[in-house]
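S.K.: My structure is below; once you've seen it, I'll send some questions.
The values are calculated or read from the model by the stated rules, or taken from the named source; none is laboratory data. These numbers come from a predicted model, not from an experiment. Note: ideal-geometry Cβ built from the backbone for every residue, glycine included; neighbour counts use all protein chains shown.
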Amino acid sequence: MAQLLGSWRRHGSRQGAADLAAGVRLLVLDGRLPAGTGLPPEREVAAALDVSRTMVAAAWERLRADGLVVSRRGAGSWTALPRDTRRGEYDDSLDGLRPVIDLARAVPSSVAGVAEVAEAALPRLATELRGHGYYEQGLPELRERIAARYTERGLPTSADEILVTNGAHHGLALALRLLVGPGDRVLVEQPTYPNAIEAVRAAHALPVPVAMTDDGWDLDAVEATLRQAAPRLAYLIVDFQNPTGHQLTESARARLGAALRRARTPVVVDETQVELDLRAEPVPLPPLGAFAGDLVLATGSAGKSHWGGLRIGWVRASAELVDRLLAARRGLDLGTPVFEQLVLAELLGAPPAPLRERRATLAAQRDVLVDAVRAECPDWSFLVPDGGLSLWCRLPGPVSTRISAVAQNFGVRVVPGSFFAVHGGLERWLRLPYVRPAEELVEAVRRLSQAAASVAETRAPTAGDGLIPVT
């Protein structure tokens with residue numbers, strides 16, 4: 001315990017009991033002293049910390065009052081969690097405890113009408129049952145409708161240039177399998193989507209981060225990295241970037257496309273959030289493929305726009321590259337489930353009302369989250385994004401990992417900034433998705449403010465560089 005506490009004394013001898021209680025409180029709430037851990041006798045704690053037994057007793061009394069320590073005569077003392085901060089999924093009707101609010105997944109629930117469309121697709125499924133059911137490149141009707149969307153956005157596309165996948169992440173994995181070898185470099189933004197970092201590493205490649213600025217992309221740094229690191233592939237999110245929410249302007253797309261052409265560097269462009277423009281008057285921008293040509297492999301998905309449970313995505317690339325991706329795919333899987341493709345084809349051919357409703361709902365939830373953070377955490381700063389699914393909040397200190405750890409015991413799950421970095425760090429940042437109902441968002445921010453106050457109360461020392469190593 002003495003080793004875990006470290007430099008626990010912060011306010012001098014007169015407040016020693018309060019400092020000791022605060023140190024133990026943090027150990028309990030972030031899980032380093034899990035609930036039920038037996039505590040040493042007060043005399044032993046006093047000897048190990050070189051303090052009086054009276055101080056230890058006073059600290060224990062504070063913790064008992066907070067519900068963090070339970071004592072029983074003859075049985076000793078052990079750690080506990082107060083009833084309103086226990087972690088787990090629980091039912092209000094059973095024990096009155098608050099349910100956990102999950103802000104770790106930036107994924108909304110289904111748009112309206114998916115169940116009805118799935119029911120309407122059943123007759124089509126009956127027809128498909130007469131065949132073998134294998135569409136390695138994807139259902140022709142679905143590829144036609146995806147291609148039409150790219151054409152409408154300013155990038156003429158045919159069905160031969162579409163490969164249907166099991167989600168956008170599957171498309172990235174295929175591109176890595178085809179284009180990258182062990183030890184090759186892959187340029188990525190920092191921060192970026194955490195699972196993309198893991199996919200690059202799983203391909204035994206080296207992610208090379210280029211830091212984003214408060215205003216978006218540092219194209220000077222991108223161009224320098226393309227020249228100096230000579231990456232075999234790049235992975236970028238130019239529409240409502242995850243997690244920052246930035247969108248690359250049309251002029252910047254032209255500059256980036258020219259840089260990619262000069263370096264002859266293929267790029268996977270993640271377009272999973274391109275449909276989530278939350279402005280009252282959306283501003284459609286041409287895809288990056290309109291500026292970088294056949295170097296671009298655009299990956300899209302129904303996960304954010306319609307429903308993640310469909311597990312349907314696609315790659316838009318040149319017909320020659322699609323053929324090569326198909327050859328690479330045969331070592332992984334032999335196609336995407338037909339029924340889900342039928343459902344998505346129907347959704348893409350339906351009127352756009354459900355997507356308009358989705359955008360309006362997300363915009364309202366974003367505004368609720370913005371107001372809640374400003375009220376409960378006034379020292380957190382952020383830019384209000386024009387689209388996407390989350391706020392990227394700058395914290396007043398390097399405490400992101402600590403807050404995310406402690407927050408679980410206050411009934412909210414949130415991903416620390418370090419998850420969005422190649423080598424850890426970003427401890428002054430926290431991603432807050434606005435995909436939950438408004439009342440849950442307000443309650444989640446209230447709990448986060450409590451967790452942040454708990455971390456601040458301990459005033460535990462940080463590493464000299466302000467970074468916390470994350471494994």
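S.K.: Can you name every residue in segment 319-354 that is under 13 Å from LEU125 (Cα atoms) and either among the aromatic types (Phe, Trp, Tyr) or over 28 Å from the mean Cα position of the chain (by Cα) (or both)?
M.R.: Of everything in segment 319-354, those that are under 13 Å from LEU125 (Cα atoms) and either among the aromatic types (Phe, Trp, Tyr) or over 28 Å from the mean Cα position of the chain (by Cα) (or both) turn out to be VAL338, PHE339, LEU342, GLU346.
S.K.: In addition: I'd like the full set of residues that are closer than 14 Å to ALA17 by Cα and not charged (D, E, K, R), limited to segment 47-80.
M.R.: The answer is LEU49, VAL51, SER52, THR54, MET55, VAL56, ALA57, ALA58, ALA59, TRP60, LEU63, ALA65.
S.K.: With segment 135-223 as the region, which strands (runs of 3 or more DSSP E) entirely inside it contain at least 2 residues that are acidic (Asp, Glu) and buried (at least 23 other Cβ atoms within 10 Å of the Cβ)?
M.R.: Working: elements: 162-165, 185-190, 206-211.
Ranges flagged: none.
S.K.: So, one more: Taking the stated definitions as given, is ALA350 at pLDDT below 95, touching a helix residue (DSSP H, G or I) at 6+ places or on another chain (Cβ under 8 Å) and small (Gly, Ala, Ser)?
M.R.: Details: at pLDDT below 95: yes; touching a helix residue (DSSP H, G or I) at 6+ places or on another chain (Cβ under 8 Å): yes; small (Gly, Ala, Ser): yes.
So ALA350 fits the description; yes.
S.K.: Sticking with this one: Among the residues of segment 129-140, is there at least one that is within 29 Å of the chain's Cα centre (by Cα) and under 17 Å from PRO351 (Cα atoms)?
M.R.: No, there is no match, as no residue in segment 129-140 is within 29 Å of the chain's Cα centre (by Cα) and under 17 Å from PRO351 (Cα atoms).
S.K.: Follow-up. Restricting to helices (runs of 4 or more DSSP H) lying wholly in segment 321-408: which have 1 or more residues that are acidic (Asp, Glu) and in contact (Cβ under 8 Å) with a residue 24 or more places away in the chain?
M.R.: Details: elements: 338-349, 353-376, 400-407.
Helices (runs of 4 or more DSSP H) meeting the threshold: 338-349, 353-376.
S.K.: I would also like to ask the following. Given (1) at pLDDT 95 or above; (2) crowded, with 18+ Cβ neighbours inside 10 Å; (3) among the polar types (S, T, N, Q), where does THR401 come up short, assuming only one miss?
M.R.: Single failed check for THR401: (1).
S.K.: Hey, another quick one. Those residues that are closer than 30 Å to ALA317 by Cβ and basic (Lys, Arg), I need them from segment 110-146; list them, please.
M.R.: Restricting attention to segment 110-146, the residues satisfying the condition of being closer than 30 Å to ALA317 by Cβ are 110-111, 114, 117-118, 121, 124-125, 127-128, 131-146.
Within segment 110-146, ARG124, ARG143, ARG145 qualify.
S.K.: While we're on this one: In segment 154-200, how many residues are of a type in the set (D, E, K, R) and more than 21 Å from LEU260 (Cβ to Cβ)?
M.R.: Going through segment 154-200, the residues of a type in the set (D, E, K, R) turn out to be 160-161, 177, 184-185, 189, 198.
Among the residues that remain, those that are also more than 21 Å from LEU260 (Cβ to Cβ) are: 160, 198.
Within segment 154-200, residues that are of a type in the set (D, E, K, R) and more than 21 Å from LEU260 (Cβ to Cβ) number 2.
S.K.: Then there is this: Just checking, how many residues over segment 333-379 are in contact with a Lys or Arg (Cβ under 7 Å, 6 or more places away or on another chain) and surrounded by fewer than 20 Cβ atoms within 10 Å (Cβ to Cβ)?
M.R.: The total comes to 3.
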